[in-house]
Structures are given as structure tokens and as C-alpha cells.
1. How many residues does the range 176-205 hold that are surrounded by fewer than 17 Cβ atoms within 10 Å (Cβ to Cβ) and basic (Lys, Arg)?
2. Inside the range 565-585, can you point out the residues that are closer than 22 Å to MET461 by Cα and either of a type outside the set (Asp, Glu) or surrounded by fewer than 22 Cβ atoms within 10 Å (Cβ to Cβ) (or both)?
3. Residues being open to solvent by 10 Å² or more (accessible area, probe 1.4 Å), of a type outside the set (Val, Ile, Thr) and in contact (Cβ under 8 Å) with a residue 60 or more places away in the chain: count how many of those fall in the range 235-250.
4. Answer yes or no: is there a residue in the range 482-497 that is in contact with a helix residue (DSSP H, G or I) (Cβ under 8 Å, 6 or more places away or on another chain), of a type in the set (Ser, Thr, Tyr) and without any contact (Cβ under 8 Å) to a residue 24 or more places away in the chain.
5. Within the range 118-166, can you find the residues that are open to solvent by less than 40 Å² (accessible area, probe 1.4 Å), in a strand (DSSP E or B) and of a type outside the set (Val, Ile, Thr)?
6. Within the range 405-448, can you find the residues that are outside any helix (DSSP H, G or I), open to solvent by 50 Å² or more (accessible area, probe 1.4 Å) and more than 24 Å from LEU202 (Cα to Cα)?
7. Residues in the range 518-540: is at least one small (Gly, Ala, Ser), farther than 30 Å from PRO402 by Cβ and not in a helix (DSSP H, G or I)?
8. Could you check how many residues of the range 845-857 are open to solvent by 10 Å² or more (accessible area, probe 1.4 Å) and either closer than 15 Å to PRO796 by Cβ or of a type in the set (S, T, N, Q) (or both)?
Amino acid sequence: MSNPAPEVRPPPGGSIAALRVVYRDGKAALIDHFRAARATTTAASRLVKGLARHVDATLCELWQATSMPAGAALVAVGGYGRGELFPYSDVDVLVLLPGTTAQAHAVELASAVERFVTACWDIGLEIGSSVRSVDECVAEAMRDVTVQTSLLEARLICGTRRLFEQMRNAQTRALDASAFLRAKMLEMQQRHVKYEGTPYALEPNCKESPGGLRDLQVVIWVARAAGLGRTWAELAAKGLITGFEASQLVKHEGALKLIRARLHAVAGRREDRLVFDLQTAVAESFGYRSAHGQRSSEVLMHRYYWAAKAVTQLNQILMLGIEEQVSGSGATPMRRINARFLDRAGMLEVERDDLYLENPHAILETFLVFEQTPGLQGLSARTLRALYNARNVMGAPFRRDPVNRETFIDILRQPKGLTHALRQMNQTSVLGRYLWVFRRIVGRMQHDLFHVYTVDQHILMVVRNVRRFFIPEHAHEYPFCSQLASEFDRPWTLYVAALFHDIAKGRGGDHSELGGLEVRRFCRDHGIEREDQSLIEFIVVNHLTMSRIAQKEDLADAEVIAAFARLVGTPRRLIALYLLTVADIRGTSPKVWNAWKGKLLEDLYRLTLRALGGAQPNLDAEIEARKEEARHKLALHMALPGTEEPLWRTLDVSYFARHDAADIAWHARSLWRHVDAAQPVVRARASSVGDGLQVLVYTPDRPDLFARICGYFDSAGFSILDAKIHTTRAGYALDTFQVVTTTHWPDLGNEGEFKYRDLISLVETQAALALSSAGPLPEPRGGRVSRRVRSFPVTPRISLAPDERAQRWLLTVCASDRSGLLYAISRVLARNHINLQLAKITTLGERVEDTFLVDGPDLQWPKAQLRIETELLDAVGAPPNR
């Protein structure tokens, strides 16, 4: 048994200076005792109550020391009113005055209140104070639901109890339970939207996020306002919750309070977010240690997510139940759907409380009925409670039951409601209990710097994205995907693949291969036909392949396309893989997907489809077709016949193979008078793919040219998405870059060139000046790394290998992203006289995976290769934190 927390009381009649010391030392003693104690919910409860008592005693001493008037009262409100204080929480108090503040002793009263508030701050008590009469309290509460809520938990600290009771009674009489419930529900919805609507954010706020402490507090607030009870025990006594639910609420509330208290103690400040910087330290304060490939922070977050998920479920049950009590909707006539379910004002209601215990098949039927019945908006409190209490029914026999397996496949095959059904199944724990393999990834974090969701949330996001491709109302989002989806039969096969594509994350090994084994077992158990099983397994095993090839390999290389076509085999597999790839990238983070990645994937799809159609690569015919199309585009821009000839005479086949007709025409139009230019020529235009610019650089080639270009873009605040490097027969570099700016530029128009015209002019001028410099390359700046990168750094990796023809080398760099990284890499290449032919710049959130096609004499020698790889590792290693 742990020792009780020390009780520290201010000395009676002590001076302000003495009170300051006693308050500071007493608070420190309580926190130190908590830090040293085992991380238990009992220790957290003692701390928050002990801190509240300590502040109570201190405020009482100050109240007396500052000679506050006898008729006034000091009232704790808000969280402090509950008799709990976290180490660095606000101390909110109300100075309650008799009569109106404009009456008797106004000057004297104001002076006394000012002395009291000043004394609080002098001793280190950072209070939030308000001064009101009873009438003013009621009037302010009627105007502001936040004030009404804080007064709901008001508690007398010292002063006149009669005045306090008068205020509390007036507040109770003025309270409209129905209006209060409506306001708090809207407020909760707004708060949930602010925090992404999920308890599974990677850096959740343990107080405000869905599933946080606030979700429990709002239940007590509305219950108190409705006169249904002030504690979980009272709610259970009134029949609003079961005894089991009450015990679960106490358990999970205790877990969240413990985590929040430890978070404050570790941070040494008010911090309610479990940010990456603090997760490991908080985990270690619990005694968790990294082991068996699992970080200590992952153990902590898994515990948090399970508590938050349970709180989310219980909050939903109780809020719906209270709403039924307050609004009287519990007496609303119901429409029978079938023998087991009813429609209660748009909510799916079970026919009786023990339905699932008596008939476990009805558990999955719930979600099938939800999909099939128009007008249903959700599950009623009674249904949610029945599911919550039936969790133990869903064991191994339940998962093996042929009826349940058939129902689950039916759920996936429904034309409407799948996304909502799966989310409801996850929120109620049904999905993880039916698919036991899914349960293992519920609340699992992903430390890869580009996923912003836990694995289960990411999977459901990908299912949603795939589903949207098949819904006409969403066709405007990704028209090409919607077009392909409209011709794809049996779309449920894609939903199964989406559900399993990352299901083996966190086990070690290749999650794609392990996921393939899991989905094969699922298909066999659920009687899925061999053809569909083969397609689903293929997608799961290869779900990363299309993205990798599109973003890292040379799509102008016929062998790359031919090899991918052989892997895919059929147009149906190609469509399926393309749709899942787009949905997967979009489901990682809002920052990862961009139009340029979309174009690369679409280009790979179209080239592969043509190869699958039996079209044999005919490079000469392809190049002639591009030239003809380019001439046509030149004519549309009023270019004279033959405008292209001066430049085209200096170009070889590889240039025409790597550039499309639009770029070829743009280059010819921009350079026809500058083919022999002695100074750099830079031209820019708005990118035809998404935001950003396309920048053309034409200048006599030099070994450090690519490094100088990267240096300019970095200093000007641009990120390079793609680079096509070409050297003409005349020794000129003809390089094209896709760039986006990280600096805000005001729009001067709505579309195209007008939108970027000042930026285009600036880039053309400044880049030409920067490339004219003959001095040595400047040292790379120490680029800042993000807070997330500092918490989860990527171990830099360098791979240098010859291509299949052993003529060029493929350099792959994987590292944490930071400003100046590409410039640091290019300086190493320039220093070692390595020529760059192609660059594929891939940024995945805050991780980069860049691929370069290079050649150079030193690459033939193993010792030189080792030196270059070492220099590159030194260059991409994260700089010291600043």
C-alpha cells in the first residue's frame, strides 16, 4: 500500500510572503509524491483532490488576510468546482457579492476584491476570477452556456453559505434542461470536429479529444441539469446505466485522469496533448520500457486509445439515453422493421434488451439492417447498450458460425451504407471481435512520418475512399477513378482488399505478404470464389507496388512498363490495383496526396493498359507521334513553321522519350532564339498538374549545375516534386522541374499564368542570376526538422546499384525530410563528378524517398562507391535540433 499524499496547510493568519512559500512548497510536495508513487488511478485521485484541498485552504487564508466583506462568498467553479485540480490546471473562482455590484460599498468592495485577486497572483495562484451578484450570475448564465456549465459545478470555499445557496437555487430554477442539453450536444459535436472526429489522433488531447475526459464531464453536466444524478453511482441508481457500465466508466475515467496527471507532471506545465515530444517520457513515468520491437510510447498510447474508445461508446449510449429522457422521444411510436428490430425516429432499436444474448446472429444483422433500411441515422441508446453488454458473446464460435460469415459478406456487398456500417462496427467493437485479426491493429500507431491515423482508422478511411469511387455523387472528386469504377463489377472485392491491405502492420516482417496470408484465410473461410480470391490476394500483396514504380522508376523506360504489365497480368487487376493505390495514398494524410502523384499513377496506368492490350513498344513511331502533336501545339500558339528545328537538331531520342508533347512544344517555343545562349535561360509557367510551377532551365552544362539549381530553389522556398535532366548534343543542360512553393504568394488572378505571374517573373530573373554565379557552392544551411521528426527520426538509408543494363546507377535515398536536404545531396553528387539523368522526388509526409538515375566514372570502383555512400549518409543525417 502506498503512503498517503502529504497534507500541507497554510499557517493561520500567515503573511502573504509566508503563504507564498507554503503554497509553493505544498504543491511541489504533492506533485513530487505523485511522481515517486506507482502510476495508479488511486495515486492520481489523491493528487487531484489533494491539490484542490491545498488551494482551498490557501484561498481561505487569503480571503481572511485581505479582509473580504462578511456578506460575500468565494465559490469554486468549473473543474475546480468538482474538487479536483490537475497540477497545472486553471483555478477558476467566483467572488459572489450580495445585491448588485453597483450598490452598497461599491468602492470599498472593489478595493477588497482587487486586494484579494492581487494577493492570489502574488503567491503564485494563477486564478481565473469573476465578480458577480446572484442576479448577475443568473443573467450571465442565461446568455452564455459556458457560464451556466461552470456554475452547475459550483462549490463553496469560504464566506456566506446562505448567499451561495441562494445563487445555486436561483441557477437551478432558471435552468432549462432541454435547451442546456441541446447546447451541450452541439458544443460536443463542434469540439469533436475540431479534433478530427476520432479518439485515435496520433497526438490526442486527453481532455478535449473525442473519448477524452470532457466527453465524460458533459454526460454528468446534462444529467445534473436534467435532475438524473451527479455521479455514476446515482445514474446507475436511477436506471440510466447498468452497474457494469458504471464500473467501466469509473475505470476508464480513472485511466484518463492518471494519464493527464502524469502528462502535467512530466511536462511541468499545463499540457493536455499527448504530443510526440512527451509520449516517451510519460510512458516511462508509468514504468513502460521499449521491448520486442515495441516502443514504450506505443504501449502508453494503446492504453489511452482503448480507454478513449470505451469512453466514446459509453458517451454515445448515455447522451442518447439522456436525450430520450429529456425530450420524451423514448415514448415515440416505433415502426417495426422485422421481428428483431424497430425504427425509433430514425434510430435502429432492438426489439428487447437481451436480443443479442439470446440470438447472437442478430449482432451482425444489426449492421445489415442499418444498411438496408432507408432513413436510419444511427443506433439507439438501447441498441448500443445491448451491443456493449454482448461483447463476451462474440468469441471463437461466433466467428466460425456460417450464418455470421454469410451476413458479414452481405454487409460488404450492400450498395449503400457500407462506410457508416463499418465505422459503427468499429466503434461498438463488433468489427474487431468478429475479425480478430482486425482487433490487433485497433489503436495501433504508425511511426512512419506520413500516416496521421492509427492503422484501424487508416483502413476504414481507405475503404471509404474506394467506396466513393462507386458513388456518382462523388464523381467530381476523382473523375478518372470514378470512370474506371463504373465499369468494375463486384466492387465488394475491392472493399475486402482495402479492409486487409494493412491488417498485418506491427507484426514485423513484410506486412503486405502477411496480409496476403490473412486475406487468403478470410476468403477461404467465407466461401469466396477462387477468381475473386486471387484478385483480392493480389491487391493486398502488391498494394505498394504501383505507387513505388510510379514515383521511383523511369516511366519512359519500356522495360519498366513491360515488367509491371507482366506482374499485373490483366486489365481488371490493373484497374483494381490503381483504384486501391489512389485510395490508400489519399487515406494516409491530407498532405501526402497531390496532383503530381496522381498524374504519375495515371501515366503508369495508361502505359500499362496499352502494354496489356498487346501493343508492342515502337519507340520510333511513338516519338514521331509526339513530334507531330508538338508541332500542332506550336501552331496553336502562332509559332512559325520550323520554329522547333533549331532546338530539335540538338536533341536525341532519349529527350523525346522522356517528355510529353506539351513539354516538347513549350521547350521549342521558349528556346528557339536561345539555342546558342552563353548565359542561363530560365522560363517558368503554371503547372498543368495541380498547384505550383514548371520551370525550364537551359544553360551550358557544368558539373555543379544541379546543385546550384537545388540551392536556388531551397533558398527561395520551393520544394522540388520532379526533375527531368537532359544534356543536348551541343553540351547544354535542358532541365525541367516541377516545384511548389512553401511561401505564401498573393493571387493576382484565378487561373494559370495570371495566378502566378509575379512569381514566374521573379523565378525567371532570380534563378538566371543564381546560375550565372561562378563561385564555390555555399555550405548547406542547417535545415530545421519538425517536432514529429525529432520524436520519430528515420534512420537514413542509401542504396546505390547498377540498373539492369549496367550502364547507369540507381541511387535511392531515404531520410527524414528537412529544408535543404536535396541541396545537401546534390552537393555530394557534384563534388564526386556524378552526372544526374533523372530525379524522382517523393515526399511522404515528413519522410523522403528520393530516387536518382546517375552515371559517373567513379561509380565503377567499389572504394569510390563506399566513399560516396558515406558522404551521402553524412549529408542526409538530421542536423542538430535548433
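The values are calculated or read from the model by the stated rules, or taken from the named source; none is laboratory data. Not measured: the values here are computed from a predicted model. Quick reminder, even Gly has a Cβ in these numbers, built from the backbone with ideal geometry, and neighbours come from all protein chains shown. The accessibility values were calculated without ligands, DNA or RNA, using every heavy atom of the protein model including side chains. Shrake-Rupley method; radii C 1.70, N 1.55, O 1.52, S 1.80 Å.
1. Going through the range 176-205 one residue at a time, the tally reaches 2.
2. Of everything in the range 565-585, those that are closer than 22 Å to MET461 by Cα and either of a type outside the set (Asp, Glu) or surrounded by fewer than 22 Cβ atoms within 10 Å (Cβ to Cβ) (or both) turn out to be ARG573, LEU574, ILE575, ALA576, LEU577, TYR578, LEU579, LEU580, THR581, VAL582, ALA583, ILE585.
3. Number of matching residues: 3.
4. Looking for residues that are in contact with a helix residue (DSSP H, G or I) (Cβ under 8 Å, 6 or more places away or on another chain), of a type in the set (Ser, Thr, Tyr) and without any contact (Cβ under 8 Å) to a residue 24 or more places away in the chain, one finds at least one in the range 482-497, hence yes.
5. GLY128, SER130, SER133, LEU156, CYS158
6. PRO415, LYS416
7. no
8. Within the range 845-857, residues that are open to solvent by 10 Å² or more (accessible area, probe 1.4 Å) and either closer than 15 Å to PRO796 by Cβ or of a type in the set (S, T, N, Q) (or both) number 3.
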